[in-house]
Amino acid sequence: MAGTDRGIRTVEDVLALLDGLFAPAADRWTEGGADWWDGFYADRDRPVPFFVPKPDENLVSYAERGILPGAGRRALDLGCGPGRNTLYLASLGFEVDAVDLSATAIGWAEERVRETGTTGVHLLCGDAFATGPASLVEGPYDLVYDSGCFHHIPPHRRVSYLALLDRVLAPGGHFALTAFAAGENGMGSERPDADFYREGALEGGLAYTDTALRAIFTDLTPLELRRMNDEPDDSPHFGKGFLWTGLFHR
């Protein structure tokens with residue numbers, strides 16, 4: 001029959017088909033969402049908690065406990081935004097590849113790198129999950145750090161996320177993330193995965209339980225999974241209790 005499309009042959013074909021069930025720019029996990037993030041980061045005076053130039057309290061805790069010796073190691077900062085955790089990782093001696101979809105966020109991070117005189121940082125604008133010739137990141141990385149990226153991807157793209165970890169996380173390396181915690185007054189949706197495909201939107205991000213995170217990252221060994229500490233405004237570290245923090249080891 002004329003016009004019949006039977007082009008689904010690979011897992012990536014299926015994932016792309018599922019991407020298409022979401023309205024264009026309704027959510028923000030691929031390059032199609034870059035414009036949304038550019039607008040988000042354009043007004044630096046907005047009262048956004050993570051605009052502050054402070055590293056995550058859990059990341060600082062890992063370093064202070066000697067879990068993440070950085071000298072001579074490589075780190076990937078997924079969804080780096082204006083680079084607050086990137087700068088901290090570089091201060092530990094990591095060579096850091098920091099990736100974000102938003103050119104505006106990367107520009108802000110570049111300013112912070114120049115202002116602080118930080119070295120060992122490579123800022124990359126684009127889709128960290130792209131493969132083949134379009135790939136931005138090349139492992140192995142001793143640390144993959146994600147502060148707020150994972151909860152913005154749709155359920156089917158967890159496949160892509162896990163594939164990225166399989167591809168770039170070094171044997172013996174660490175993976176750490178922060179993600180919306182379920183039961184926290186609307187910070188992240190707790191609806192079933194299937195609902196998002198019926199409505200074509202993620203409602204600003206997905207909330208997770210600790211049990212769900214352990215199940216998703218079951219191929220890695222969990223070292224710590226807890227609520228992020230609520231840090232006061234005058235703290236040198238960032239922390240909000242509506243987030244989970246997780247540290248895993250390969």
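The values are calculated or read from the model by the stated rules, or taken from the named source; none is laboratory data. The structure presented is a predicted model; accordingly, all values stated were derived computationally and were not measured. When we count neighbours, we look across all protein chains shown, and the Cβ atoms used for this are built from the backbone with ideal geometry, even at glycine. SASA here: full protein model, heavy atoms, side chains in, ligands and nucleic acids out. Shrake-Rupley method; radii C 1.70, N 1.55, O 1.52, S 1.80 Å.
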Of all DSSP beta bridges having both residues in the range 172-250, the percent classed as antiparallel (nearest 5) is 85 percent
As a test question: what accessible area, to the nearest 10 Å², does H237 have when a 1.4 Å probe is rolled over all protein chains in place?
50 Å²
Classify the range 137-250: rounded, prolate or oblate, from the alpha-carbon gyration tensor (a ≥ b ≥ c, eigenvalue square roots; a/c under 1.5 rounded; otherwise prolate if a/b is larger than b/c)?
oblate
Write down the accessible area per residue of the chain in Å², having rolled a 1.4 Å probe over the full set of protein chains.
47 Å²
Could you give the DSSP H helices of the chain that reach 18 angstrom or more along their long axis (alpha carbon positions) and whose average Kyte-Doolittle hydropathy is no lower than -1.0?
103-116
Tell me, what HN-Hα J-couplings in whole Hz come from the Karplus equation 6.51 cos²θ - 1.76 cosθ + 1.60 at θ = phi - 60° for each residue of the range 233-245, using x for Gly and Pro?
4, 8, 6, x, 10, 8, x, 9, x, 7, 10, 7, 10
Given the options G83, G72, T245, identify the residue whose Cα lies farthest towards the positive end of the charge dipole of the chain (+1 on Cβ of Lys, Arg; -1 on Cβ of Asp, Glu).
G72
Report, in deg cm²/dmol and to the nearest 500, the calculated mean residue ellipticity at 222 nm for the chain, where each DSSP H run with n ≥ 4 adds -39500 (n - 2.57) and the sum is divided by the residue count.
-8500 deg cm²/dmol
Ignoring any ligand, DNA or RNA, what whole percent of the accessible area of the chain comes from carbon and sulfur when the probe is 1.4 angstrom?
53 percent
State to the nearest 20 debye the size of the charge dipole of the chain about its Cα centre, where the only charges are +1 on K and R beta carbons and -1 on D and E beta carbons.
500 debye
Over all directions, how big on average is the projection of the convex hull of the alpha-carbon atoms in the range 50-143, in square nanometres?
5.9 nm²
